[in-house]
Amino acid sequence: MIKKRDEAWKKYIQFKQTVNFEQYKSIRNIVNSMVRADGAAYRKSLVQGFRSNPNKFYDYMKNLRTVKDAATTLRRSDGSTTATYQETAEELKQQYQKVFVSEPAYVSGDPHPSSTQQHDDIIQ
């Protein structure tokens, strides 16, 4: 059904007719309701499993709390990709150094930070 929805969308995009959009909309609504129903059935089966096996519930909750996303590879400016976490960290470090600039130290009350530096040079 999802494939039919995608085909209906492509047909609408290609011809831009109201009839095609209405067809897409009806298929889309059916698919959305099927997805919701399937999700509800899945959650219901999970709850049934939790009742019979409490450890399954705790395992499920632990998996929900675990962060699984990680930046493992990045594309470098030359087009190659990083192979290790260390290379990825170095590439991110270089990118942030390009974006964030280091500004001269600001002395409280001095509107011109460079004048303080000049003053310190004169005193020495």
Open item on the list: Regarding the range 46-62, can at least one residue be identified that is part of a loop (DSSP other than H, G, I, E, B) and in contact with a strand residue (DSSP E or B) (Cβ under 7 Å, 6 or more places away or on another chain)?
Closed with: no
TODO: Select from the range 52-92 the residues that are exposed (fewer than 10 other Cβ atoms within 10 Å of the Cβ) and charged (D, E, K, R) and list them in ascending order.
DONE: 62, 65, 68, 69, 78
TODO: For the range 28-46, enumerate the residues that are of a type in the set (Ser, Thr, Tyr) and either within 29 Å of residue 10 (Cα to Cα) or touching a His at 6+ places or on another chain (Cβ under 6 Å) (or both).
DONE: 33
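Read-outs throughout are calculated quantities, based only on the coordinates presented, and are distinct from any laboratory measurement. All figures in this text were calculated on a predicted structure; none of them were measured in a lab. Cβ sites come from the backbone with ideal geometry, for glycine too, and all protein chains shown count toward neighbours.
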